[in-house]
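These notes are about the structure you will find just below.
The values are calculated or read from the model by the stated rules, or taken from the named source; none is laboratory data. Every value quoted in this text rests on a predicted model; they were computed, and no experiment measured them. Cβ coordinates were reconstructed from backbone atoms using ideal geometry, including for glycine residues, and neighbour counts include every protein chain displayed.
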Amino acid sequence: MKKKESLSFAVSFEELLVLLYHFKRKELAGLDQSPLNDMSEKEKNLLMAVAERALIARGFLTRGVDNKIKMIDPVLALVGTCLESEISLVVKNTPTNSMEQLFFFHTARKMRVMHTTPMTGVHQFIAVEDDKAFLKALVSAISLGDVQRLNCKDSTLDLAVLTAVRDEALEKGAEVAAKTLLENNLLEDTAKEFAQSLSIPVSNTTISFIRSLDDVVEGFTLFKGQNSLWLITPNNDDDLVSIKNVSSNDVIHKLKSLVSGTHS
């Protein structure tokens, strides 16, 4: 457990279940409990008992003078922030030639915590000092790079058409996809550039923003091509999405407003 600039620790799936038990909670965002489905109650109890002993041995749980088991403060602070967050951002980054990565970013009062699973069955919790460090971790998770904005007009597109043209671009190439986009009222420059990005994708990242204080939930997608970055957001009409070419700095500014709570 690191204690200086950042505080972090990793626990196994079974150990995290035990921690949730001591929080008197059954669920946590990012915890897939499907491995328990095929286990009997006896097997589950044995799993929990072994994991609890491991947590005691590692110093994550301690026995008080009353012989009751208690969590140490860092565990209370980090896991507690994930359980009782004021703002959460769920980032699913899917690089074209690599495995999907899932990150959970949570804020509660002065705590800023990132929860991820860098290895199967291992959950890592990392606390950072402030919004600046929090934003840096968020940007790193997305792998934005340094992408400049292109001279393309904002557009709207039917979601079903977007799904179809994405597949078309991969199968038949950018020219065919651009023709379809033109037929659906995208301007020529936008259609050409967006089709090119769809034909040679680098990554697709979805970001969900949850603000618990007023039940705000929204989301957007970042689609990255070789030389371009596109912000795709739901329109007021459920069947339409807005497509906007953006720079890396535009995205960072948007993320900063989410992290700082100034987004509305």
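Is it the case that some residue within region 35-55 is closer than 29 Å to residue 260 by Cα and under 26 Å from the mean Cα position of the chain (by Cα)?
Step one: filter region 35-55 for residues closer than 29 Å to residue 260 by Cα, giving none.
Scanning region 35-55 turns up no residue that is closer than 29 Å to residue 260 by Cα and under 26 Å from the mean Cα position of the chain (by Cα).
If we keep just the residues of region 175-223 that are small (Gly, Ala, Ser) and over 25 Å from residue 100 (Cβ atoms), which is modelled with the lowest pLDDT? If you could, list the steps in order and put the result at the bottom.
Taking region 175-223 as the starting set, the residues that turn out to be small (Gly, Ala, Ser) are 177-178, 191, 195, 197, 199, 203, 208, 212, 219.
In the following step, the residues that additionally are over 25 Å from residue 100 (Cβ atoms) were identified as 178, 191, 212.
On the way: 178: 96, 191: 95, 212: 81.
The qualifying residue modelled with the lowest pLDDT is 212.
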Hits in region 136-153 (condition: touching a residue at least 40 places away in the same chain (Cβ under 8 Å) and either surrounded by fewer than 18 Cβ atoms within 10 Å (Cβ to Cβ) or assigned to a loop (DSSP other than H, G, I, E, B) (or both)): 139, 143, 144, 145, 146, 147, 148, 149, 150, 152
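Just wondering, is there one or more residues in region 23-40 that are assigned to a helix (DSSP H, G or I), modelled with pLDDT under 95, farther than 25 Å from residue 131 by Cα and of a type outside the set (A, V, I, L, M)?
To start, the set of residues in region 23-40 that are assigned to a helix (DSSP H, G or I) comprises 34-36.
Narrowing further to those that are modelled with pLDDT under 95: 34-36.
The next check asks that each one be farther than 25 Å from residue 131 by Cα; those that pass are 34-36.
Then drop every residue that is not of a type outside the set (A, V, I, L, M), which leaves 34-35.
Looking through region 23-40, at least one residue is assigned to a helix (DSSP H, G or I), modelled with pLDDT under 95, farther than 25 Å from residue 131 by Cα and of a type outside the set (A, V, I, L, M).
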Cross-chain or 6+ apart pairs with Cβ under 6 Å, region 11-29 first and within 23 Å of residue 210 (Cβ to Cβ), then in a strand (DSSP E or B): 16/123; 29/104
Listing of strands (runs of 3 or more DSSP E) fully contained in region 60-135 that carry 3 or more residues being not hydroxyl-bearing (Ser, Thr, Tyr): 69-71, 87-95, 101-108, 111-119, 122-128
Region 204-233 residues that are under 16 Å from residue 146 (Cα atoms), paired with ones that are part of a strand (DSSP E or B) and among the charged types (D, E, K, R) (beta carbon under 6 Å, 6 or more apart): 231/244
